[in-house]
Every structure is written in structure tokens, then in C-alpha cells.
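The values are calculated or read from the model by the stated rules, or taken from the named source; none is laboratory data. Keep in mind that this is a model prediction, so the values were computed, not measured. In this analysis, Cβ positions are derived from the backbone assuming ideal geometry, glycine residues included, and neighbour counts consider all displayed protein chains. SASA here: full protein model, heavy atoms, side chains in, ligands and nucleic acids out. Shrake-Rupley method; radii C 1.70, N 1.55, O 1.52, S 1.80 Å.
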Amino acid sequence: MEGECAADLLARADAAYRRVDADPTHFRADAAALVLEARRAGHSEALVVALRAEAWAERARLADTRARVLLNEAAGLARRHRLDERLGQVLVTRAAVNHELGRLAAAQRDLDAAAGLVHDDTARQHDLQQAALHQNIGRLSHAAAIYVGLLAREDLPIELRGKVANNLALIEARRGSFDSAVRLLDEAAKAAVEFGPQLTAIVVHSRGWVHVQAGRLPEGLRLFDAAARLLDAAKLPLGELYTEYAEAFTDLRLLPEAAAAAARAVTEFQSTGVPLMGADAQLRVAQLALLSGDPTRSLAAAGVAAQMFRGQHRRAWLARSELVVVEAQMARREAGAAELRTARSAAAVLAGLGIRSEAVHAHLVAGRLAAAAGRRTAAVESLGQAETLARGAPILIRLDGKVAAALASRLQGHDQDVLRHCRAGLRDLARHRMALPSMELRALASGHGAELGRLGLEVSLRTGSPARVMDWMERTRAAALSAVEPPVLDGLEDEMAALRAVHAELAEARQAGADDQAAALTKQREVESRVRRATWVRREHAAVAETSLDPARLRRELGGRVLVEYGVLAGELIAVVLAARRSRLVNLGAIAAVEEQARSLMFALRRLTRPWHAGALAAARTSAEFGLRRLAELLLAPLRLDEQSSLVVVPARGLHRLPWAALHGGPVSLAPSASFWVRTREVASGPEGPTVLVAGPDLPGAAREIQAVRRLYPDPVVLAPPQSTGAAVATAITGAGLAHLACHGDLRADNPTFSALRMSDGPLTLHELDSRGAAPRRIVLASCESGAQVDYAGDEVIGFVSALMARGTAGLLASTVMVSDAETVELMCGVHESLRRGASLADALHRSRSAVDRADPRAFVSWCAFNAYGAA
């Protein structure tokens with residue numbers, strides 16, 4: 001080959017590597033073409049360089065096994081032809097590939113062999129790869145020292161400066177130095193602009209991860225979404241990003257989404273054969289199985305991850321996986337002395353390597369195990385270390401520290417210290433919750449404080465003071481509902497329209513008797529996912545309402561009513577009764593008995609709405625009446641209340657769906673918390689808006705109901721099909737003094753924000769109502785299960801009732817079961833007649849129910865079904 005042509009081929013091969021490094025997808029084909037050209041030309045050095053370039057492009061798309069084959073060939077050629085500097089370059093590149101393949105010893109051998117062969121920029125690449133190897137093994141201090149030295153060099157090439165700053169930022173974030181991490185990522189971003197799309201995507205991805213570690217979860221998700229778009233545009237794999245998504249979703253307690261992301265990551269890494277990142281994803285699968293209540297699956301997945309980490313000599317990650325094994329064994333009640341030793345060893349390893357968040361959790365696990373084994377001194381020591389390490393960390397880590405501190409104080413019998421730590425943790429949680437941009441995320445976040453709530457309630461109960469017990473329950477009851485963001489629907493109108501179109505498709509398919517509705521259901525899930533994700537990353541800040549409430553003010557607001565607030569601790573039901581002159585604390589026994597009766601009652605009421613033969617209906621009626629009596633005996637009789645007294649009831653988890661109005665002889669008003677009920681008192685005294693009456697489609701009884709109610713009001717706004725569209729109804733009821741919606745209702749227990757009222761053009765979801773800020777002063781929801789709410793960990797609920805009350809609705813009437821539209825007309829007319837005379841919804845419902853002919857099974861169900869909420 002002529003000298004000038006040979007030099008040109010070599011120059012083009014060198015340029016190909018630089019281009020592949022910046023944009024591997026775009027230039028991969030060029031590198032492969034150069035390999036063929038160099039083979040034909042017999043140019044050994046150009047072939048070595050071109051093979052290295054093609055291998056680097058293959059690595060970028062996670063084809064590491066193919067990359068290793070190419071690099072093995074390049075290394076052999078370089079040795080045969082004594083191309084020492086080229087061999088050093090190939091070995092540094094092969095070290096990166098072996099690293100990702102989990103062959104860390106082989107990677108270190110390559111780096112050791114390359115050390116004496118490389119110079120200038122390749123020597124800097126060698127140092128970068130050596131630091132990355134230390135970083136993935138868990139030697140963060142060793143890695144950081146190399147990175148700092150590299151950044152101090154003025155001659156460091158721009159692409160290496162970007163990569164080094166990015167990697168060092170991840171270490172700083174892992175150590176808890178988030179401001180330093182952000183500054184480093186700013187430096188990396190400047191380099192990425194000059195270098196190429198791959199580094200740009202990596203830096204955005206890293207910035208998202210740093211925000212997640214810092215507890216700024218919505219911003220982290222926004223950045224992950226941006227990184228996903230950049231990676232997709234560059235046609236680069238998303239497996240590592242899926243693993244990070246899983247971590248963010250876990251912190252947000254979006255466990256199904258986290259599990260799906262982790263599973264996608266595992267699948268991608270398994271299909272491409274990249275065990276280094278595959279092991280990380282496998283560990284995330286194990287953690288999520290544990291959080292989802294499947295310790296057996298968690299144990300298996302954690303065992304696989306531990307085996308992979310052991311083979312990769314990654315001490316920190318091995319410690320994390322062994323800790324999950326211990327936690328899974330604890331959940332299966334199989335943990336003993338060996339597991340305690342493992343947990344303490346994992347905590348020491350993680351703390352020694354500076355991985356603070358994981359070390360806090362490990363010490364907490366060790367403390368729990370020691371306490372369970374009766375080793376109080378060891379438990380207090382481990383829990384104390386968790387508390388100390390958590391100080392100054394992001395909020396979710398601090399919460400683990402506060403749990404540890406409260407558990408240690410409990411072991412030492414220091415009740416006041418337990419309360420102090422619990423209060424501090426719940427204050428931190430309130431700040432975290434306030435920064436979240438949606439009702440769903442705030443409700444889920446309260447689960448992080450569930451244990452603190454239980455520990456505080458346990459201490460409060462020991463005091464025997466009704467006031468202290470109630471004060472504690474109010475701290476955790478429906479706390480997520482105290483914050484609401486400004487109404488924002490921008491960008492979601494098209495998605496709402498798409499959701500209605502999908503529902504129309506499903507309705508047509510069902511009407512036609514089509515068996516295959518999978519395509520439409522998939523579309524529905526996709527639209528709902530886009531809507532939810534849009535709310536997770538929006539930037540609006542929630543306004544927080546005042547929630548403190550002293551007993552004297554509460555008594556004044558109650559105005560002679562009796563407040564009953566229920567709570568549950570360790571399966572036992574308790575109630576605080578606040579009457580005009582005194583308060584009482586009552587133990588009611590196991591909640592399991594109440595739950596069993598509630599299930600039987602709901603089943604019986606459902607049967608009564610169906611066209612069974614007379615014998616079946618009579619049996620269902622007997623069962624329902626027995627259930628009502630038994631629930632009244634369990635929940636109200638021990639409280640020794642006046643049978644005609646007006647009650648305000650704050651249900652505990654699992655009791656929101658009961659037909660409370662049918663359990664007590666006097667008027668009953670419900671609320672998510674006592675402080676919420678007082679807020680509705682304040683709203684109830686505001687100015688009166690218009691009356692809006694709405695009939696939904698396909699309900700003849702709804703049309704009759706609206707016409708009957710219409711006659712009671714002078715100038716109501718009436719919307720009936722086809723005018724009763726979702727948008728028209730939401731607009732009309734916003735700011736209304738009274739709204740009455742007679743329509744079908746659809747409860748979504750899997751995600752209550754998509755529970756819906758069926759309007760003429762499709763579903764009006766809870767999500768849309770909340771996004772529009774639609775909150776009339778009073779509203780009657782004459783639809784099936786409109787009062788049913790979904791419980792979340794941490795004493796939170798989501799449903800139409802809670803969402804509307806959070807937005808400012810002062811009074812609601814809603815059904816907790818299926819009802820017949822024909823049998824509700826008389827009941828609803830009676831309610832409105834009382835409302836016209838100035839009654840509250842609770843009083844109006846009470847009077848109207850007294851006139852219902854309960855002999856008819858469906859009328860009996862309507863008599864049971866409706867509850868009043870709020871003070872108006």
C-alpha cells in the first residue's frame with residue numbers, strides 16, 4: 001500500500017474512534033466499513049485502530065461480547081506487529097468492556113498491562129478507566145482521588161473532562177455532597193455540548209440521578225424523561241436508565257411502576273449480556289419484591305444478585321444484596337444470629353466505603369434484628385449508629401434515622417424521646433410531601449411515615465389521655481390532603497379527549513359482545529400513564545392549609561355534636577369520643593371482626609340490587625340487617641352515645657366505606673380528619689353560588705331525578721344529555737353553591753384518580769376534576785360508589801370525597817355501594833327539600849332517610865348507601 005494512502009487510512013481510523021466516542025450510533029457503520037477497508041489493504045495498524053473504534057460503538061449499544069471479540073483480535077494484531085502504544089489503547093478499551101461484562105479481574109489485568117504502554121491522552125483514558133473500576137467496586141475514595149487529579153490537569157481533553165466530572169459528581173452525590181455534584185455536572189454539561197450527543201445524554205441522566213439521591217424526586221423524573229428522549233434520539237440503550245427510574249419510583253412509593261422499570265432493565269441486560277449493570281437491576285428487582293410483600297421472590301432475586309456481585313468482587317453491592325437476603329428472611333420469620341452478623345457486617349462495609357444512605361438502612365435492619373433477638377444493648381448501638389449517620393442526609397434517609405432513634409428510645413423506655421423523634425420525622429415528611437406536585441404522590445409519600453405514626457400512637461395510648469391520642473392521630477390523618485396545587489389542565493386536554501375516545505371504543509366493543517378488548521384496554525393504560533406522569537413532573541407548588549387544632553376550638557366548632565375519631569394499632573381498634581364537656585378513650589377490640597362484618601354487609605347489599613328470586617332477596621336482606629346491627633354493636637354501642645345525637649365521624653383505615661348513616665339513629669357527618677371537618681365549617685359560611693343539576697347518559701331514573709329536583713330551585717343550571725359533557729359539567733360546577741350529579745359512577749380501586757362519573761361524552765375522572773379545580777360549595781353525587789375511597793399507608797385516602805374536600809367543598813352526599821337510579825329519586829327530593837330550608841347535608845339526609853319505604857329491597861339499599869361528608 002502506498003505511503004500516502006496508508007497514512008490517510010490510519011488518519012481516518014483514528015478519526016473514526018473519536019467520532020464513535022462522541023456519537024456511536026451515527027458512526028458505527030463508518031467504523032465497520034473502515035475495518036473491512038483496512039483488512040483489504042493489509043494495513044495492520046489501521047485495522048487495530050478501526051477494530052477498536054467498531055468495538056467502542058458495539059459497547060455503546062451494550063453488545064459487549066461482540067466488542068470483546070473485536071478487541072481480542074485488535075490486541076493480538078498489535079502484539080504481533082509490536083504496536084505497543086496501539087496495544088495500550090486497545091487494552092484500556094478492553095478493560096472498559098470487561099468491566100461491563102463483570103470481568104473485573106480481567107479489566108484490572110488489562111489496565112495493569114497498559115500502564116507502561118500508554119502516553120498523553122491515552123494515559124488519561126487509562127486513569128479514567130482505573131477510577132471507574134474503583135468506583136464500581138465501591139472504592140469511592142480511591143476513585144475520587146484519581147478524578148480530582150485528572151480535573152486539575154489543564155491539558156485534559158474536553159471529552160475526558162466531561163466524563164471525569166460526570167463520574168466524580170456521582171461519587172459526591174453518593175457521599176451526600178449534592179451541591180458539589182451539581183457544580184461538577186455543570187462542568188460536564190459544558191464539555192458535552194462541545195463533544196457529542198452520547199455524553200450529553202449521560203450528563204442529563206446523571207443530573208437526574210443526583211436529584212433523586214438528594215430527594216428532589218419530581219425534578220429527577222423530569223431529567224430522566226429528558227435523558228430518555230436524548231438516548232432514544234441517539235439510538236442508545238435505556239437499560240441503565242430503567243434501573244434509575246426504578247429507584248426514583250421506589251422513593252415515590254410507585255411500586256408497580258418501579259417493578260416494571262426494574263424488570264425492563266433486567267430483560268435488556270440479559271438480552272445483551274452485560275452482567276455488571278444486570279446485577280444492579282437484579283438487586284432492584286429483589287428490593288421491590290420485598291417492598292411489595294413477596295419475601296420469597298425477593299430472597300431468590302437477591303441470592304442471584306449476590307452471586308453476581310461476589311463474582312465481580314464488588315463489596316459494596318454484595319453487602320447491599322446480602323442485606324436484602326436478611327430482610328427477606330426477617331419477613332419470612334427465618335432470621336437468627338447468622339443474619340444479625342450479616343446485617344452488622346454489611347453496615348460496617350457500607351459505612352466504611354462512605355455509602356451513607358445504604359449504611360443507615362443496614363444499621364436499622366441490624367438494630368431491628370438485635371431487638372427481636374432480645375439483645376437490647378446491641379440493638380440500641382446499631383440504631384444509634386443509624387441515627388448518627390442519617391443526620392444532615394436527604395429527607396428519606398433522615399426518616400430512617402428518626403425511625404431508628406424512636407426504636408432505640410422505645411427499647412430504653414424513654415417515651416418522651418420516642419415522641420420527640422417521631423414528631424421530628426413527621427415534620428421532615430411534611431416538607432417532603434409539600435414538594436410533591438400531585439395528590440397521588442403526596443398520599444403515597446405518607447407511607448414513609450407510617451411506622452413513625454404507629455410508634456407515636458403507641459406512646460400516646462399509654463398515657464391514657466384522649467386529648468393526646470387524638471392530637472397524635474390528627475398528625476397523620478389525611479395529611480396529604482392539606483396541600484393542593486393550583487388548578488392546571490394545560491397540555492392535558494388532548495389526553496382527556498383521548499381517554500374519552502378509548503372509553504367509547506370499549507363501550508362499543510362490550511355492546512357488540514366482542515371478546516377481544518385488549519387493544520382498547522392497552523390504549524387506556526397508555527393514556528392514563530401519560531396523564532399520571534405529566535402530574536408527577538409538573539412544577540406547580542402546593543399551597544398548604546393550616547392543620548393544627550386545639551380541643552377547645554374543636555368543641556366550639558362542633559356546636560353540640562359529638563366527634564368520634566377511630567384509630568388502629570397492632571390490629572386493635574380504638575376510638576376517641578369528644579363530647580361537649582368531656583372526652584373519652586375507648587378500646588373496641590380487634591378490627592378483624594369489624595372488617596369481616598363489613599365484607600358480609602357489602603356483599604348482601606350488592607345482592608339486593610340484583611333481580612334475584614324472593615327467597616334469595618329475603619336471605620340477603622336478613623344478612624344485611626344482621627350486619628348493620630353487628631357493626632353498630634362493635635363500633636358505636638361501646639361508646640355509650642345518645643342514639644339521636646349528631647355525630648361527626650372520622651373513620652380509620654378500612655372503615656371509610658361503611659354505611660355510617662345506617663348505623664346510628666341521629667345525623668352523621670364524616671370527614672377524613674377532624675381538622676378537615678373544621679375547614680369545611682369555615683367554607684360553609686362563604687357566599688352562595690348557582691345551583692347546577694346534571695343528568696348523565698343511559699339512566700332514565702337520573703333524568704326523572706333531575707326534573708324532580710329542578711322544581712325546587714328558582715333558576716338552576718341544568719345539563720342533560722347531550723349537553724352534559726365532561727368539560728361542560730366541570731366548568732359549571734366550579735364555584736357552584738350546590739351541584740347535583742345523577743349519573744353512573746365507576747370506582748377504580750387500582751388507581752382512584754381515574755375513578756369516574758360517566759358524562760354524555762365519556763368519563764369525567766377524579767383526576768380531571770382535580771386538575772380543573774372543580775369544587776362546588778356543596779355537591780350531591782347520586783351515583784354508584786361515588787363515596788368509596790381507597791386507603792393508602794399512613795392513614796391517607798383518595799376518592800371523590802377527599803379530593804373535593806381538599807379543593808374546598810364544604811359538604812358532600814355520596815354513595816358507598818351500588819344503587820338503583822329509580823329508587824333514589826324520592827330520597828334525593830327529600831334531601832333537597834331540607835336543604836332549601838337551611839339544613840346541612842347530614843341533617844337533610846337524616847330526615848329524608850326517615851321517609852324511605854324500606855320494604856322494597858332496592859329502596860333499602862338506597863337507605864343504607866348514602867353518607868354525608870363535611871359540615872355544610
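Given R₀ = 60 Å, FRET efficiency for R79-R183 by Cβ-Cβ distance, to 0.05?
Numbers: r = 43 Å, r/R0 = 0.72.
FRET efficiency, R79 to R183: 0.90.
Name the trypsin sites (Lys or Arg not before Pro) in segment 127-194 that are in a loop by DSSP and that have at most 14 other C-beta atoms within 10 Å, would you? Before the final figure, lay out each step's value.
Values: sites: R139, R153, R161, K163, R174, R175, R183, K190; in loops: R139, R153.
Within segment 127-194, the qualifying trypsin sites (Lys or Arg not before Pro) (loop, at most 14 other Cβ atoms within 10 Å) are R153.
With +1 on each Lys and Arg Cβ and -1 on each Asp and Glu Cβ, and nothing else charged, work out how big the dipole of the chain is about its Cα centre, in Debye to the nearest 20. Show your work: numbers first, answer last.
Values: 106 positive and 100 negative charges, 495 e Å.
Result for the chain is approximately 2380 debye, rounded to the nearest 20.
Whole-Hz ³J(HN,Hα) for each residue in segment 765-781, computed from phi via Karplus 6.51 cos²θ - 1.76 cosθ + 1.60 with θ = phi - 60°, x for glycine and proline: what do you get?
Ordered by residue, 3J(HN,Hα) equals 7, 4, 4, 5, 4, 5, 5, 7, x, 6, 8, x, 4, 9, 8, 10, 9 Hz.
Would you work out the charge dipole size for segment 147-255 about its Cα centre, treating the Cβ of every Lys and Arg as +1 and the Cβ of every Asp and Glu as -1, and quote it to the nearest 20 debye?
100
Rounded to the nearest percent, how much of the accessible area of segment 405-486 (1.4 Å probe, protein heavy atoms only) is carbon and sulfur?
Roughly 51 percent of what the probe reaches on segment 405-486 is carbon or sulfur.
Could you check the simple spin-label distance between S141 and R847, using points 7 Å along Cα→Cβ, in nm with one decimal?
About 7.8 nm, to one decimal.
I'd like the accessible area for H613, computed on protein heavy atoms only with a 1.4 Å probe and all protein chains in place. Round to 10 Å², please.
130
What is the distance, in nm, between label points placed 7 Å from the Cα along the Cα-to-Cβ direction at A618 and at R837?
Going from the A618 label point to the R837 one covers 3.8 nm.
Percent relative contact order of segment 741-872, based on C-alpha pairs within less than 8 angstrom and at least six residues apart? Don't jump to the answer; show the numbers that get you there.
Numbers: 249 pairs, mean separation 28.9, N = 132.
Relative contact order, segment 741-872: 22 percent.
Determine the order of E244, E381, E194 by accessible area, beginning with the largest, at a probe radius of 1.4 Å.
On the way: E244 30, E381 95, E194 135 Å².
Most to least solvent-accessible, the answer reads E194, E381, E244.
Defining a contact as two alpha carbons under 8 Å apart and six or more residues distant in sequence, what relative contact order in percent does the chain show?
Working: 1626 pairs, mean separation 61.1, N = 872.
Relative contact order, the chain: 7 percent.
Roughly speaking, what is the stretch gain from R606 to D698, that is 0.36 nm per residue apart minus the C-alpha to C-alpha distance, in nm to one decimal? Each step should come with its number before you reach the end.
On the way: separation 92, 0.36 × 92 = 33.12 nm, distance 2.04 nm.
Result for the pair: 31.1 nm of gain on full extension.
How many angstrom lie between the Cα centre of segment 139-181 and the Cα centre of segment 559-611?
For segment 139-181 versus segment 559-611, the Cα centre distance is 58 Å.
Below 8 Å, C-alpha to C-alpha, sequence gap of six or more: please give me the relative contact order for segment 582-689 in percent. Kindly include the intermediate steps, with their values, before the conclusion.
Values: 82 pairs, mean separation 25.1, N = 108.
That works out to 23 percent.
Loop-only GluC sites (Glu not before Pro) in segment 620-659, please: DSSP not H, G, I, E or B, and at most 13 other Cβ atoms within 10 Å.
E643
Please give the FRET efficiency for R582 paired with R629, using the beta carbon to beta carbon distance and R0 = 30 Å, rounded to the nearest 0.05. The partial results should precede the final answer.
Working: r = 28 Å, r/R0 = 0.93.
Efficiency, from the Cβ-Cβ distance: 0.60.
May I ask what percent, to the nearest 5, of DSSP beta bridges between residues of the chain are antiparallel?
Values: 30 of 56 bridges.
Roughly 55 percent of the DSSP beta bridges within the chain come out antiparallel.
With a Förster radius of 51 Å, plug the Cβ-Cβ distance of R229 and R553 into 1/(1 + (r/R0)^6) and report the FRET value to the nearest 0.05.
Working: r = 52 Å, r/R0 = 1.01.
Step by step, r from the Cβ atoms, then E = 0.50.
Can you tell me which lysines have their Cα less than 23 Å from the Cα of K163? Leave out same-chain residues fewer than eight positions away.
Cα-Cα hits under 23 Å: K190, K235.
Using only Cα atoms, locate the centre of segment 55-115 and the centre of segment 296-368, then give the distance between them in Å, rounded to an integer.
Cα centres, segment 55-115 to segment 296-368: 33 Å.
Provide the gained length on full extension for the span D856 to R431, in nm with one decimal, where the gain is 0.36 nm per separating residue minus the Cα-Cα distance. Walk me through the intermediate numbers first.
Numbers: separation 425, 0.36 × 425 = 153.00 nm, distance 5.18 nm.
The D856-R431 span can extend by a further 147.8 nm.
What is the distance, in nm, between label points placed 7 Å from the Cα along the Cα-to-Cβ direction at L521 and at A106?
So the label points at L521 and A106 sit 4.5 nm apart.
Among L283, P466, L670, whose Cα sits farthest toward the positive end of the charge dipole of the chain (+1 at Cβ of Lys/Arg, -1 at Cβ of Asp/Glu, about the Cα centre)?
P466
Rounded to the nearest Å, what's the spacing between the alpha carbon centres of segment 481-532 and segment 823-871? Just the number, please.
Result: 33 Å between the Cα centres.
Can you pull a Stokes-Einstein diffusion coefficient for the chain at 4 °C (1.567 mPa s), Rh from Kirkwood over Cα pairs, as a whole number of µm²/s?
Working: Rh = 30.4 Å.
The estimated diffusion coefficient comes to 43 µm²/s.
Using a probe of 1.4 angstrom, how much of the accessible area of segment 81-134 is carbon and sulfur, in percent? Don't skip to the end; give the middle numbers.
Working: 850 of 1990 Å².
The nonpolar share, carbon plus sulfur, comes to 42 percent.
Once every DSSP H run of n ≥ 4 in the chain is given -39500 (n - 2.57) and the sum is divided by its residues, what mean residue ellipticity at 222 nm do you get, rounded to the nearest 500 deg cm²/dmol? Present the calculation step by step, with values, prior to reporting the outcome.
Details: 38 runs with 562 residues, N = 872.
After summing the helix terms and dividing by residue count, I get -21000 deg cm²/dmol.
Test of the criteria: in segment 1-97, which GluC sites (Glu not before Pro) are in a DSSP loop and have at most 12 other Cβ atoms within 10 angstrom of their Cβ? Walk me through the numbers before you get to the answer.
Details: sites: E2, E4, E37, E45, E54, E58, E73, E85; in loops: E2.
Of the GluC sites (Glu not before Pro), the ones in loops of segment 1-97 whose Cβ has at most 12 other Cβ atoms within 10 Å are E2.
Rounded to the nearest whole Å², what accessible area per residue is found for the chain with the 1.4 Å probe? Spell out each step's value before the answer.
Numbers: 34410 Å² over 872 residues.
The answer is 39 Å² per residue.
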